[in-house]
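The structure under discussion appears below in the form of structure tokens.
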Amino acid sequence: MGRRLARELALQILYRYEEGDHNLKQIIDQVLESGRYRDEDRNFSQILVTRTIDALPQIDKHISKVLEHWDFNRVSLIDKIILRLGTCEILYFDDIPPRVSINEAIELGKKFGGSDSGRFINGVLDAVRKNYEGGNHK
């Protein structure tokens with residue numbers, strides 16, 4: 001399944017982290033050792049989680065900047081984590097085209113979020129991408 005599975009694992013890890021279990025290393029170990037995953041999937045998932053946590057203030061700032069008529073604190077936890085993962089990929093993973101990151105986040109939203117999550121995630125991440133690319137960062 002590849003990187004899609006790795007993104008799902010990252011979502012599980014960050015969900016547990018956001019729910020109050022702040023022993024990140026232990027969460028990562030438990031989630032990644034709970035199944036037979038390829039080394040590439042484990043590695044990508046761990047890097048994605050670590051970069052997301054390390055850059056959380058910057059990531060949240062990019063998301064908050066593009067939310068129109070919506071308070072970031074009112075976004076559901078699942079959607080918030082998916083937005084953070086997608087934004088992290090757009091900002092910090094030059095080897096992944098932003099459209100791929102957005103599409104993967106949309107799929108996560110459809111699978112794990114609410115009925116409108118896919119559309120909401122698409123709109124927010126596309127705006128993040130446009131702001132980021134417009135700032136000559138890429």
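The values are calculated or read from the model by the stated rules, or taken from the named source; none is laboratory data. In this text the structure is predicted, and so the values were computed from the model without any measurement. Counting neighbours? That spans all protein chains shown, and the Cβs are built from the backbone with ideal geometry, glycine included.
Structure values in brief
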{"item": "Unique residue being farther than 17 Å from Glu8 by Cβ and within 11 Å of the chain's Cα centre (by Cα) when the list is Leu67, Leu83, Leu56, Leu108", "result": "Leu56"}
{"item": "Near pairs, Cβ below 7 angstrom, 6+ apart or cross-chain, from region 37-61 (over 14 Å from Leu91 (Cβ atoms)) to any residue that is charged (D, E, K, R) and in a helix (DSSP H, G or I)", "result": "Phe44/Arg3"}
{"item": "Qualifying residue in region 16-24 (condition: within 17 Å of the chain's Cα centre (by Cα), in contact (Cβ under 8 Å) with a residue 60 or more places away in the chain and within 20 Å of Val100 (Cα to Cα))", "result": "no"}
{"item": "Residue list for region 115-133, filter: under 19 Å from Leu9 (Cα atoms) and without any contact (Cβ under 8 Å) to a residue 40 or more places away in the chain", "result": "Gly118"}
{"item": "Gln12 vs. criteria surrounded by fewer than 18 Cβ atoms within 10 Å (Cβ to Cβ), polar (S, T, N, Q) and either under 17 Å from the mean Cα position of the chain (by Cα) or not in a helix (DSSP H, G or I) (or both)", "result": "no"}
{"item": "Region 29-50 - residue that is basic (Lys, Arg) and in contact with a helix residue (DSSP H, G or I) (Cβ under 9 Å, 6 or more places away or on another chain) and, of those, surrounded by the fewest Cβ atoms within 10 Å (Cβ to Cβ)", "result": "Arg38"}
{"item": "Test for Glu18: is it buried (at least 19 other Cβ atoms within 10 Å of the Cβ) and acidic (Asp, Glu)", "result": "no"}
{"item": "Residues being of a type outside the set (Gly, Ala, Ser) and under 14 Å from Ile78 (Cα atoms) - total across region 10-45", "result": "9"}
{"item": "Scope region 30-46; condition at pLDDT 95 or above and under 16 Å from Tyr15 (Cα atoms); matching residues", "result": "Ser45, Gln46"}
{"item": "Residue count, region 51-61 (criterion: buried (at least 18 other Cβ atoms within 10 Å of the Cβ) and of a type in the set (A, V, I, L, M))", "result": "1"}
